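Here is the structure we will look at, set down as structure tokens.
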Amino acid sequence: MLDALPLVFVLAGLVLYAVLAGADFGAGLWQLAGGRGEHGDAIRDHAHHSMAPVWEANHVWLIFVLTVTWTAYPTYFGSVASTLSVPLFLAALGIILRGASYALRAGVSTRRQLRAVDSAFAVASLITPFALGTVIGGIASNRVPVGNAAGHLFSSWLNPTSILIGALAVATSAYLAAVYLAADAVRVGERSLQDAFRTRALGAGVATGAIALGGLVVLHGDAHSLFEGLVHGAALAVLIVSVLAGGATLALVSSRRFAAARYSAALAVAAVVAGWAFARYPVLLPGLTVRQAAAPHDTLVTLVVAVIAGGVILFPSLGLLFSLTLGGRFDPHGPPGEPSAEAPALQAMMAGPALGARFAVALLIAGIGLLNVASAAWAHAIGVTCLFAFMVLVFALIVPRAVAGDA
Amino acid sequence: MNLLAAALAPVHQQYLLAARQMQALSFAVHIPLVCFGISFPLMVLFVEWLGQRTGDPVYRTLARRWSRIVVALFAVGVITGTILSFEMGLLWPNFTATFGSVFGLGFAIEGFSFFLEAIFIGIYIYGWDRLSPRAHLASGIPVVLTGFTGSLMVIAVNAWMNHPGGFHLRGGQVVDVNPLKALFGNSFLWSELIHMYIAGYMVTGFLVAGAYAFGRLRNSRPFTRYERVALVIPLTIACVAAPVQVLVGDWVAREVAIKQPVKLAAIEGLYKTTRGAPEHLLGWYTDGQVKYGIEIPHLLSLLAFHSWNATVKGLQTVPPSQRPPINVTRLSFQTMVGIGTLLALLGVIYLAVWVRRKQIPAWRWFDAAVVLAGPAATVALIAGWVTTEVGRQPWVVYRVMPTSAAVTGAGGIPVGYGTLVVTYVALAFAVAWILRRLARMPLDLPDGGGTAPATSPQAA
């Protein structure tokens, strides 16, 4: 039970990465496919503004997945990362492009520059989901043996199952993004954008569904044990949930109920990931079960406590970010905050200089004595504290005077 | 379980050096960004707080301008940091596979820090004018705290690699793992953390101040009150931190002397175990001695153990295969100490001028020195990391796992390395471009120049 708990965290992180960062990459794809002219620019701007406040947080889910995996299942992580180094490296390059294009967009002034930056984002949006999809394909089709780069450098991820899941990841990203962007367009009251993304969501949704169902044929031939796992028991049940959620999303988008469609689309993706997990459990890699791969007991306990404690802080924070974003507070023309309340002038904040300076010198001398002359650990701790207090005090003595008025 | 870790056996990797260089490049790109993550948000918040206290629009404009730099550099830091976490598996799968259960928790907690940092940076940046002033200021506080906890976690892992504990090895398997003890029960952690934390303030402080000192030197636009505030705050921080860093550095050196004697010997190029060991400035280590250097008798014993005649262990105490590359370690250490000393001197001059005249130095040479201090501090930062990381070689986990046993068996490392070099060169140009663009954007001050007196709230 404890052995598998981190796996649940990893899979949950993977689902959140897929539905949140996936949508971010999908927005990049729609920037590429936005079309020309003013309408195209409007589509690109909308895709950018919707994602801007949340993209960084969305991408951290991948870091979460990586760190929990290597802490809880070190052997599994080492085997996967060494055999599948090429697609993982490609994904990393795509992530560099995505972040760089985000940073650069803040500085562009001409339309040509904007197009260049958006194209870089779009390329990233193709590479990263595809490469990560091929990684999952390689693992799911038993092509990663246990060991340091024990699998094939290329055929481990260039194979029918990997390419299928890579394509599915790209299509899913585009689909999720179109649904979310349509919902955001409703919020900012842009009817033409809403129509544009509704059409895209319907098209991408049908394409994603077709790839997913057609993919079962590919799995039947290329990864038969995975196929067998998927069509039996709990895996089959959640796959049916996925199909139903996917169909419901299409109906919701079609009837312009985008807000609800966000959640049903995310549910469809989550169910696919869960299906994969149920189909394979308890096997992680050929000859490696969850129990065999799991880290020692104490590490698992500490990790679970850390993740739960982290989650207690994280989820309210994420909730705040999303409620502010989805509530329209961060939209380009959102409602302004309250005006600033006025307060006393800076001069009032100045410490008495002479006394302060003497105290600073005393802290410095105490710090040197305790840190650099004494050798006990407790003395070092107090010494460092004295030095920090010294730095803060000197800063407080100098800055208010140096910045105030015309001194 | 016992059979399996052995399955990730060490392999011969032809390109081990390329793998190490690729990792070093990734760190060298990421670490200056970490400095901004550690210290810049606090500076921005301080300026915003001044603005709220005084109602002076100069502060608000400056905080807003700086916050755009924070977010641009954070975005780049997110990706360079992601690359680092990928490389843990791509380059060193056996390190992660063997010790992930010992050190991995540090990165998991760091991941949460990173998460909260990303969330609240988003709220802070997009919350200007959208949140009440108090809420906006408050939304920046988690950014400051998580910048600290994130670096704490990463340094905890690095300190563990340098001074490992909290586990036992039995037949190539880790047993009796106590991750909390491994990460936080490590006396090596605290000196390293404080050293890095202060370095973060020095690098950011001097780099930011350098930009405004450069403007004053060039005289291309009037040096108004806005520019003065933007110069004084980071410069004061850096100038106070630089002398203190010398004291903290002394503490770190003594920790290294006790816990990693071979690293200390490499730092000096000391072959024979010596009583009252000398220190050589500059020079080149060859055939068991430092040639062409300036010898200062007893200095090494004095620095490492605060004693005139202390015995310092030499490189001869370990076989040649367990010695780090001597000259790289030596020269990077001397680079760090040399630059650090000059920066501390600059800081002392700044403080002395303040004590005597109650104003900041206005000499042209001082401005020129501040302009150079930013890049110099960055070089010292990287040189310091080279000292500790190369000085730890040939071990990835000090005296437990050699780096050659950690490396991946996958091919194509030179291709990956080359690609990363090209990508990071392009990224460097992109960052330079975006910072120039941000610097040229017009200020939204009421009179464009920020000469407004401090006490005219109506001007806002």
Residues that are over 20 Å from residue B:380 (Cβ atoms) and among the small types (Gly, Ala, Ser), drawn from region B:305-337: B:307, B:310, B:314, B:321
Those residues of region B:69-102 which are more than 7 Å from chain A (Cβ to nearest Cβ), within 17 Å of residue B:25 (Cβ to Cβ) and part of a helix (DSSP H, G or I), in sequence order: B:77, B:80, B:81, B:84, B:87
Filter result for the condition that a residue is in a helix (DSSP H, G or I), assigned by TED's automatic domain parsing to the domain that holds residue A:39 and touching a Ser or Thr at 6+ places or on another chain (Cβ under 8 Å), over A:171, A:182: A:171
Filter pass, residue A:222 being in the same structural domain as residue A:266 (by TED's automatic domain parsing), without any contact (Cβ under 8 Å) to a residue 24 or more places away in the chain and acidic (Asp, Glu): no
Residues of region A:76-120 satisfying the condition of being within 20 Å of the chain's Cα centre (by Cα) and over 27 Å from residue A:156 (Cα atoms): A:99, A:100, A:101, A:102, A:103, A:104, A:105, A:118, A:120
Condition check for residue B:118: within 9 Å of chain A (Cβ to nearest Cβ) and more than 22 Å from residue B:381 (Cβ to Cβ): yes
Residues (at the interface with chain A (Cβ under 8 Å from one of its Cβ atoms) and surrounded by fewer than 23 Cβ atoms within 10 Å (Cβ to Cβ)) located in region B:22-54: B:52, B:53
Among the residues listed as A:99, A:107, A:78, A:34, the single one being at the interface with chain B (Cβ under 9 Å from one of its Cβ atoms) and touching a Lys or Arg at 6+ places or on another chain (Cβ under 6 Å): A:107
Residue A:102 in contact with a strand residue (DSSP E or B) (Cβ under 8 Å, 6 or more places away or on another chain) and not small (Gly, Ala, Ser): no
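For the structure I just gave you, tell me whether residue B:61 is in contact with a strand residue (DSSP E or B) (Cβ under 7 Å, 6 or more places away or on another chain) and of a type in the set (Ser, Thr, Tyr).
Working: in contact with a strand residue (DSSP E or B) (Cβ under 7 Å, 6 or more places away or on another chain): no; of a type in the set (Ser, Thr, Tyr): yes.
No; evaluated as a whole, the condition is false for this residue.
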Residue B:105 being out of contact with any strand residue (DSSP E or B) (no Cβ under 8 Å at 6 or more places or on another chain), assigned to a loop (DSSP other than H, G, I, E, B) and either facing chain A (nearest Cβ under 7 Å) or of a type in the set (S, T, N, Q) (or both): no
Selection status of residue A:297, at pLDDT 85 or above and assigned by TED's automatic domain parsing to the domain that holds residue A:180: yes
Some residue of region A:82-92 being modelled with pLDDT under 85, surrounded by fewer than 24 Cβ atoms within 10 Å (Cβ to Cβ) and more than 7 Å from chain B (Cβ to nearest Cβ): no
Considering residues of region B:432-450 that are of a type in the set (A, V, I, L, M, F, W, C) and in contact with a helix residue (DSSP H, G or I) (Cβ under 9 Å, 6 or more places away or on another chain) only, the residue modelled with the lowest pLDDT: B:445
Flag if residue A:60 is more than 7 Å from every other protein chain (Cβ to nearest Cβ), under 24 Å from residue A:5 (Cβ atoms) and under 15 Å from the mean Cα position of the chain (by Cα): no
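Results for (1) closer than 17 Å to residue A:19 by Cα; (2) in contact with a Phe, Trp or Tyr (Cβ under 6 Å, 6 or more places away or on another chain); (3) in a helix (DSSP H, G or I), shown as yes or no for each residue.
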| position | (1), (2), (3) |
| --- | --- |
| A:270 | yes, no, yes |
| A:279 | no, no, yes |
| A:303 | no, no, yes |
| A:308 | no, no, yes |
| A:315 | yes, no, yes |
| A:320 | no, no, yes |
| A:330 | no, yes, no |
Identity of the residue in region A:279-299, under 26 Å from residue A:213 (Cα atoms) and buried (at least 18 other Cβ atoms within 10 Å of the Cβ), that ends up farthest from the other protein chains (Cβ to nearest Cβ): A:279
Any chance residue A:65 is outside any loop (DSSP other than H, G, I, E, B) and in contact with a strand residue (DSSP E or B) (Cβ under 8 Å, 6 or more places away or on another chain): no
Where a residue in region B:409-425 is under 14 Å from residue B:92 (Cβ atoms) and its partner, wherever it lies, is in a helix (DSSP H, G or I) and polar (S, T, N, Q), with Cβ under 6 Å and at least six apart: B:410/A:82; B:410/A:85
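Taking region B:306-362, which residues are in a helix (DSSP H, G or I), of a type in the set (Gly, Ala, Ser) and either surrounded by 20 or more Cβ atoms within 10 Å (Cβ to Cβ) or within 14 Å of chain A (Cβ to nearest Cβ) (or both)?
Correct list: B:332, B:340, B:344, B:347, B:352.
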Members of region B:363-372 that are under 15 Å from residue B:242 (Cβ atoms) and not in a helix (DSSP H, G or I): none
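The values are calculated or read from the model by the stated rules, or taken from the named source; none is laboratory data. Owing to the predicted nature of the structure, the values given are computational and were not obtained by experimental measurement. We place every Cβ from the backbone using ideal geometry, glycine too, and count neighbours over all the protein chains shown.
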